[in-house]
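See structure below.
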Amino acid sequence: MMSQKKIEESVSRRKFLSLAGMGAAAFAVSPRFAFANESGSDRKIRMGIVGGGFGSSFHFHEHPNCIVEAVSDLRADRRDILMKTYSCSKSYESLDKLLKDPKVEAVFIATEAPNHAKHVLATLRAGKHVLCAVPAAWTLEECAEMRDTVKRTGLTYMMGETSYWRQNTISVRKMYAEGQFGHIFSAAAEYNHPVSEGSALLIENGVPNWRYGIPPMHYPTHCTSFLISVTGERLTDVTCLGWGDKTPMLTNNRYKNPFANETAFFKTSKGNPFRVEVNWRGALRNVERGEWRGEKMSFYSSYGDVDPATIVKLVQLPGVDEGGYPNLQDVTEKYDQPKWWKTDMLPPSLRKDSYHDGAHTFITHEFIDALVNNRKPAVDIHEALAYTAPGIVAHQSALKNGEYMKIPSFD
Ligand SMILES: NC(=O)c1ccc[n+]([C@@H]2O[C@H](COP(=O)([O-])OP(=O)(O)OC[C@H]3O[C@@H](n4cnc5c(N)ncnc54)[C@H](O)[C@@H]3O)[C@@H](O)[C@H]2O)c1
């Protein structure tokens with residue numbers, strides 16, 4: 001038997017063997033979580049949908065256990081879009097009015113991020129279940145109030161985190177559960193969404209909207225979910241640095257935020273390092289992607305449509321190397337991504353591609369199915385706050401030039 005030291009030395013000398021392009025049949029995984037409504041219930045959840053931008057890109061009207069009862073937006077044009085998308089004839093001029101409708105059992109909140117906590121709390125207090133777009137909250141005080149209110153009301157809260165349901169992430173979660181990675185000892189994630197100062201995404205009719213000057217780490221969930229949703233670990237400590245210049249967006253915004261880009265270095269509850277970047281400016285690929293590095297296998301998710309995901313696997317070849325050590329080699333393969341949205345993870349009417357790499361049909365189904373079967377949704381309140389709160393603390397750290405800070409737990 002080789003000593004651990006010899007094995008480590010051998011690994012450090014191992015040859016790089018690229019098998020890119022060979023296909024990834026050896027790593028194919030089969031769906032383990034079939035279309036969940038095994039109870040065969042014909043119960044119909046009566047949904048309200050609020051926010052006709054992002055909120056108009058889901059599939060509630062196509063789900064066998066859902067009826068879109070009503071929609072709402074402050075803007076008439078967006079109410080029209082929502083009514084058309086969801087084939088729904090009832091609309092309200094505000095969330096407050098929709099919440100008075102006794103027929104509405106559950107609400108999808110797709111309003112501006114800084115108002116999520118306020119709108120979620122109002123919905124829960126009206127006695128309705130809630131699905132909300134990311135992030136869960138804006139302050140740590142809101143995080144605590146949301147956790148307590150979900151517990152007190154006993155209602156279902158789910159966050160619609162798209163990175164949780166990206167096809168790569170679904171694969172990685174399955175592979176990790178099957179033990180293919182071994183221990184994941186480090187991870188990284190990046191969310192790059194470069195925008196120019198005067199972009200219509202930030203300024204509507206000459207007025208800066210909620211996205212103008214938003215602190216990058218207040219929008220961390222597309223990254224933090226990559227690790228937390230796979231291993232279940234929590235982020236306990238952080239140091240973060242930010243970068244910004246003197247453009248108007250960073251010298252005059254409602255958040256007093258001077259940073260266009262922030263990079264955080266988190267410590268996890270397993271003592272592992274996790275690097276997270278959220279960037280709004282620079283020569284960057286517009287991506288949401290993760291990297292998971294394990295003892296036995298690592299996974300580097302795709303760069304959008306440009307480069308496919310890659311797997312690196314440590315394999316032991318026959319015999320020993322020149323020094324008599326185990327003949328370990330890292331083998332790099334292009335990952336042949338299964339399209340999970342085509343499988344029985346979804347009801348037949350939802351088996352189609354959807355926005356954010358197939359995430360929107362999964363979010364639709366997960367929320368409705370959790371309510372129908374009276375079970376916890378995958379991204380429940382604790383999971384949602386575990387994705388959100390670390391970013392709030394990371395931004396505080398960046399404002400203090402990288403001060404090392406503790407992250408409170410909301411479990
Ligand atoms: N990948 C993702 O997960 C992803 C992608 C895009 C947007 N989002 C999230 O979705 C949310 C919405 O994004 P968006 O781009 O559509 O923003 P947006 O500002 O374009 O739209 C928000 C809409 O909410 C409406 N609204 C606000 N308060 C309301 C109220 N009290 N009653 C009724 N309507 C109200 C506004 O009129 C507006 O039309 C944001 O929180 C954003 O973070 C998530």
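The values are calculated or read from the model by the stated rules, or taken from the named source; none is laboratory data. Since this is a predicted model, take the numbers as computed values, not measurements. Note that each Cβ is placed from the backbone with ideal geometry, even for glycine, and that neighbours are counted across all protein chains shown.
A few notes on this one:
- Count of the range 53-70 residues which are free of Cβ contacts under 8 Å to residues at least 40 places away in the same chain, under 21 Å from residue 124 (Cα atoms) and within 25 Å of the chain's Cα centre (by Cα): 1
- Selection from the range 317-347 of residues that are farther than 24 Å from residue 307 by Cβ and touching a Gly at 6+ places or on another chain (Cβ under 6 Å): 327
- The set of residues in the range 285-305 that are of a type outside the set (Gly, Ala, Ser), part of a loop (DSSP other than H, G, I, E, B) and over 18 Å from residue 175 (Cβ atoms) comprises 285, 286, 287, 305.
- Only a single item in (1) touching a Gly at 6+ places or on another chain (Cβ under 9 Å); (2) closer than 30 Å to residue 252 by Cα; (3) in the same structural domain as residue 273 (by TED's automatic domain parsing) is not met by residue 135, and it is number (3).
- In the range 292-315, the residues that are surrounded by fewer than 20 Cβ atoms within 10 Å (Cβ to Cβ) and within 26 Å of residue 389 (Cα to Cα): 293
- Count - residues of the range 205-228 that are of a type in the set (S, T, N, Q) and either crowded, with 24+ Cβ neighbours inside 10 Å or in the same structural domain as residue 138 (by TED's automatic domain parsing) (or both): 3
- Residue match in the range 258-269 (condition: touching a residue at least 60 places away in the same chain (Cβ under 8 Å) and within 16 Å of the ligand (Cβ to nearest atom)): no
- Exactly one residue out of 87, 57 is out of contact with any strand residue (DSSP E or B) (no Cβ under 9 Å at 6 or more places or on another chain), among the hydroxyl-bearing types (Ser, Thr, Tyr) and modelled with pLDDT of 95 or more, and it is 57.
- Any hit, the range 149-156, residues being more than 17 Å from residue 383 (Cα to Cα) and not assigned by TED's automatic domain parsing to the domain that holds residue 210: yes
- Residue identified as within 22 Å of residue 386 (Cα to Cα) and outside any strand (DSSP E or B) among 282, 324, 271, 242: 271
- Residues that are within 24 Å of residue 364 (Cα to Cα) and free of Cβ contacts under 8 Å to residues at least 60 places away in the same chain were ranked within the range 152-168; the one that is farthest from the ligand (Cβ to nearest atom) is 154.
- Filter result (among the hydrophobic types (A, V, I, L, M, F, W, C) and closer than 16 Å to residue 216 by Cα) within the range 259-282: 259, 260, 264, 265, 266, 276, 278, 280
- Flag if residue 95 is within 11 Å of the ligand (Cβ to nearest atom) and touching a strand residue (DSSP E or B) at 6+ places or on another chain (Cβ under 9 Å): yes
- Residue selected from the range 190-202 under the condition more than 12 Å from the ligand (Cβ to nearest atom) and without any contact (Cβ under 8 Å) to a residue 24 or more places away in the chain, by the criterion nearest to residue 252 (Cα to Cα): 198
- Flag if residue 213 is more than 19 Å from residue 390 (Cβ to Cβ) and within 16 Å of the ligand (Cβ to nearest atom): yes
- The range 218-239, subset within 14 Å of the ligand (Cβ to nearest atom) and in a helix (DSSP H, G or I), residue nearest to residue 114 (Cα to Cα): 218
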